[in-house]
Amino acid sequence: MGGHGGGVLTTLARWVSIQHIGWHRRRDFSKRLLRPDCYLLVLTVACHRQPSIGQPDSSALSGEESPSGATAPANSVSPATYVGLDGQTTVPPEADTAANQRIYARAFQTWVYAEPRPNSARLGYLRMGSSAAIRSSPTINATCPRGWYSLVPRGFVCLDDSSTIDGNDPIVSAMRDLGPAIARKLPFTYGTVRRPGPIYRRVPTSEDLAAAEPDLAKRYDRWLSASGETGANYGQQVWVPAGATVPDPGEVWRTKQSDPFPEFLRSGKFAPRIPGESAPTNGSVVLGMMAPRVGYSLMRTFLAEGRRYGVTTKFEIVSTDRLRPILGSDFHGFRIPEDIDFPFAIVRQPGAMLFSFDAESKKASPKERATYRSAVKLTGKQALFRGKLHYETSAGLWLSDRDASRLDPVRKMPAWGSNGEKWIDINVTKQTLALYEGTKAVYATLVSTGEAGLSDPTKSTATKRGIYRIHTKHISVTMDSDEVGEEFELRDVPYVQYFESSYALHGAYWHDRFGIPKSHGCINLAPEDARRIFFWTEPTLPAGWHGVLLPLKGTVLFVHP
């Protein structure tokens, strides 16, 4: 399987600095919906401090004991969506309730509590536009005068400014068909700020543009004539649906083409205001200015008078000519045994060579290139040539261990595997991940762990080793930094799964070097791998939820040298 990401991935990796990232906050959790003790300041992709959200953290364990002290119970929750390890997506029918009533999220985090009181455990949250089936009438008490609604399958949501039972609420209506696209490798389309400009509250008119961007015509002409990543011909397919014809930006600009606007932006309407988000009180069309080093996540794009605009996940309107489109890696792993079976190797270095070996002369000679990121079937034999370990392929050629990572069955099955649990095996030295269902391996891929390798994770950017359970999952969450000189913001980092403190598995759309240590401690996955693994692990994400918390009972993660 091949992969690409284009130069933009390299460029983005430079300023995200998988080499230079400082502190980050999951900003969505650091604002209005958290109690004062729940701020989430953490070390960015280094992930060294736990972002507390009102739940106990799982702890590292040692030895052969099950991480929870016993086999984790089966998760009976019906998932919102099922994504198989083959990448196929299935959306199950909604749970049937007697009244078929639903509660809808109006905020970025509409919290689900274990009991109808705000000081009970948080089980997860819904995100604006999503909904969950509810049971019977609400429980009304002093902590929620409009009532706590019991959700299917579990939990309670308070009917307040962050929620509604009105399916025609303006925010709910605006979000129809704009939620995360689970069937694609990335839940949103992404672009990083190339040249900062205004952020609008509505689609700007020609008068608005003249006031906010008086140099637009000249700047746009320069963009149309530029080459490479900064020009109009780079990555424009990102902004249109898969398989759709990509319109020529120059022709579109010349003829002033327009698409149908989203309903909530027609007739000069302002985009809805999310509860808790600030907006100008003077009626200004401009909400603010883009900042450098920001990666935006867009729910939809459209043409207006020859220019393409995007609607961000916060209902901001931004022009895509000011963004560098993000393609994201196309690499993904391999099913076992459907795609390939043990023993095999995944080629992790571009330009890797396959060698032939002459037994008489005992000389190895270059034969042909190995396909980058392909899975190569091995015989199990290995030998040293020129001081380097080589693996014999089923075709009789030899592949260096410096160019590829060999995968074999686990030699000693841990207790949780023998007990039939799902678990994840991560080898830091080989930069590989393997999924197991009990004793059976079902999937393997390349990862990028901490760039400091096997150093002390308390003093470096190494990934923490140990035995853990996944305790918190988000379809997407924002990561950012306020450290002077290293400011950045990445909206909606995809498929984040926390397993220890703030160490997490997550998709990385900003680089395409999986198989090479790149992070500051977290375990980076190619976007498609992150998607598949997210829906394979536990805790399962209930229908309509954007995030879920379940300490001590999630999928086991074994990170080792």
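The values are calculated or read from the model by the stated rules, or taken from the named source; none is laboratory data. For clarity, every value in this text was computed on a predicted model and none was experimentally measured. Neighbour counts are summed over all protein chains in view; Cβ atoms, including those assigned to glycine, are modelled from backbone coordinates with ideal geometry.
The table for this structure:
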| read-out | value |
| --- | --- |
| Residue in segment 447-473 that is farthest from Gly547 (Cα to Cα), counting only those that are of a type in the set (Gly, Ala, Ser) and not in a strand (DSSP E or B) | Ser455 |
| From the options Asp408, Asp425, Asp456, residue that is within 27 Å of the chain's Cα centre (by Cα), under 21 Å from Asp529 (Cα atoms) and not hydrophobic (A, V, I, L, M, F, W, C) | Asp425 |
| Complete set of residues in segment 308-360 that are in a loop (DSSP other than H, G, I, E, B), acidic (Asp, Glu), out of contact with any strand residue (DSSP E or B) (no Cβ under 6 Å at 6 or more places or on another chain) and at pLDDT 95 or above | Asp330, Glu338, Asp339, Asp341 |
| Unique match (being buried (at least 16 other Cβ atoms within 10 Å of the Cβ), of a type in the set (Ser, Thr, Tyr) and closer than 30 Å to Asp160 by Cβ) among Thr301, Thr312 | Thr312 |
| So Asp456, is it out of contact with any strand residue (DSSP E or B) (no Cβ under 6 Å at 6 or more places or on another chain) and either buried (at least 23 other Cβ atoms within 10 Å of the Cβ) or on the phi < 0 side of the Ramachandran plot (or both) | yes |
| Residue match in segment 169-190 (condition: crowded, with 18+ Cβ neighbours inside 10 Å and closer than 17 Å to Asp321 by Cβ) | yes |
| Residue check, Val442 in contact (Cβ under 8 Å) with a residue 60 or more places away in the chain, assigned to a strand (DSSP E or B), surrounded by fewer than 20 Cβ atoms within 10 Å (Cβ to Cβ) and among the β-branched types (Val, Ile, Thr) | yes |
| Within segment 226-267, tally of residues that are part of a loop (DSSP other than H, G, I, E, B), under 13 Å from Phe302 (Cα atoms) and either over 28 Å from the mean Cα position of the chain (by Cα) or touching a residue at least 12 places away in the same chain (Cβ under 8 Å) (or both) | 9 |
| Elements of type strands (runs of 3 or more DSSP E) in segment 130-178, at least 1 residues being aromatic (Phe, Trp, Tyr) and in contact with a Cys (Cβ under 6 Å, 6 or more places away or on another chain) | 144-151 |
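Per-residue answers, yes or no, for (1) surrounded by 23 or more Cβ atoms within 10 Å (Cβ to Cβ); (2) outside any strand (DSSP E or B); (3) under 11 Å from the mean Cα position of the chain (by Cα):
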site	(1), (2), (3)
Asp492	yes, no, yes
Phe499	yes, no, no
Phe514	yes, yes, no
Gly554	yes, yes, no
